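Below is one structure, written out as structure tokens; comments come after it.
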Amino acid sequence: MTSPIFLLASERSGTNLLRRRLSERQQTWFGPAPLHVLKHLYALEPLYGDLNQDAAFRALISDILGMAYKHFAPWDVTLDTDQVINGYPHYFDGPRSVIGVMHTLNSLYAAAKGYRSYLCKDNNLFDYIYPLSCALPEARFIYLYRDPRDQITSQIRRPLKTSSVRRLADAWVSEQLQCLRAITDPAIARKTLCLSYEDLITDESATIGALCAWLGVETVPIGDSPFSAESTEIMEWKNLSGATMTGNFGGYKTALSANQIRLVEQSSWAVMRKLGYPPDNPTRPRAGQVGIGMDYLNGLASDGWRRLFRRRRMTAGQLARQRHVRSMKARLRCESP
């Protein structure tokens, strides 16, 4: 059985682009629309009770299936609880768990698409590198990173994201450090490929070819897209169906102010240089507490206005997913949704 691939990356680093392009150029791994299962349910697993009891296990599976179909890009293959239960011993050699259900469900979906395994790009997978490596010892990882100044530029353009560049920069640093720390472990490093977003978009064909060579599979010509039924209605996905934007880097120079660039570089200075991104400032900028505080306050003010109009900016699929996630978490915590 072919082991899965997990993408380790901050949001807006090209994971959906890589998920699609890699799925289109080889026939072994398929990248489903992300469910973010571990982000939402890994820590809450004990609240389901004893998963050896079928009622508890079925409740967990039902919640995860809901994340696949109450979605802004619903899965286009229908799977049910019994299929997951019956497939579980075949796909996962371990006790019943959130990771096991996530793995089985993705495997069943990939098989229905004609692939042998899956490529998972769920958010925050850097938080679960060791649990995944322990539960799925042969799993592989791709660490995909992007210039933080461009990544933050993309983040603040999202209607539902904070506009504080310093908060975003601090998050980027923390996330890269988790990935970099993990790949200093030889057991993780031997099954991890490091890749920059800039290399991916500058020469997509060569980069995907090198990635396929690392995976030990042949590239195939691009035919009919396996994503023809996948919705790209949300703002963040609108460019996925078109050609790759090969020059989509360096835009921060006009999108961010000089002060915002200083705030980003002050926070991310060492990690930027570690990843090969030369700072614009000749020395690490000094960012006083007043400047940082003003950025936080401006972010809070604009975020408040965004929240007032949040529901108007969300698609029906996003709203359905939000309701489902809130409802299942409230039920587990015995709260009002």
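The values are calculated or read from the model by the stated rules, or taken from the named source; none is laboratory data. Given the structure is predicted, the values throughout are model-derived calculations rather than measurements. A quick note on method: Cβ atoms are made from the backbone with ideal geometry, for glycine too, and the neighbour counts reach across all protein chains shown. For the accessible areas, the whole protein counts, side chains as well, though only heavy atoms, and no ligand, DNA or RNA atoms are used. Shrake-Rupley method; radii C 1.70, N 1.55, O 1.52, S 1.80 Å.
Brief remarks follow.
- Measuring how big segment 206-290 is from its alpha-carbon positions, Rg and Dmax come out at 19.1, 55 Å.
- Contour minus Cα-Cα distance for residue 90 and residue 280 (0.36 nm per residue): 63.2 nm
- Relative packing of 103-109, 34-40, which averages over residues the other C-beta atoms within 10 Å, highest first: 103-109, 34-40
- Distance-filtered residues of segment 58-77 - backbone nitrogen under 18 Å, label point 7 angstrom along residue 228 Cα→Cβ: 74-77
- Hull-based mean projected area of segment 130-203, where the convex hull spans the alpha carbons, in square nanometres: 6.2
- Heavy-atom accessible area, probed at 1.4 angstrom with all protein chains present, ranks 194, 334 as 334, 194, highest first.
- Taking all Cα pairs closer than 8 Å and separated by 6 or more residues, the relative contact order of the chain comes to 27 percent.
- A protection proxy built from the mean count of other Cβ atoms within 10 Å ranks the segments 158-168, 90-100, 272-282, most packed first, as 158-168, 90-100, 272-282.
- At 1.306 mPa s and 10 °C, Stokes D of the chain from Kirkwood alpha-carbon radius, µm² per second: 75
- Solvent-accessible surface (1.4 Å probe) assigned to residue 129 amounts to roughly 0 Å².
- Choice from 101, 173, 220 with maximal GNM fluctuation in the chain (Cα, 10 Å cutoff): 220
- Per-residue packing, averaged as other Cβ atoms within 10 Å, sorts the ranges 68-75, 229-236 into the order 68-75, 229-236, beginning with the highest.
- Calculated FRET efficiency for the pair residue 55/residue 203, C-beta based, R₀ 51 Å, to 0.05: 0.45
- Mean shadow area of segment 38-110, taken as a quarter of the surface of its Cα convex hull (nm²): 4.7
- Spatial separation of Cα centroids for segment 126-153 and segment 52-66, in angstrom: 27
- Centre separation in Å (Cα based) which lies between segment 69-123 and segment 255-284: 40
- Computing Rg and the Kirkwood Rh from the Cα coordinates of segment 163-312 gives a ratio, Rg/Rh, of 1.02.
- Note on residue 235/residue 330: beta-carbon distance plugged into 1/(1 + (r/R0)^6) with R0 of 25 Å gives a FRET efficiency of 0.35.
- Net dipole in debye of segment 105-169 [+1 Lys, Arg Cβ; -1 Asp, Glu Cβ; about Cα centre; nearest 20]: 340
- Divide the volume of the convex hull around the Cα atoms of segment 93-216 by the residue count and you get 146 Å³ per residue.
- Cross-link pairs 121/161; 39/274; 39/329 - those with Cα-Cα distance over 23 Å: 39/274
- Accessible area (Å², 1.4 Å probe, nearest 10) - residue 203: 80
- Share of alpha-carbon pairs per 10 Å distance bin for segment 1-147, given as whole %: 11, 44, 37, 7, 0
- In summary, the aspartates and glutamates within cross-link reach of residue 113, defined as a Cα separation below 15 angstrom excluding same-chain residues under 8 places away, comprise 24, 76, 224, 230.
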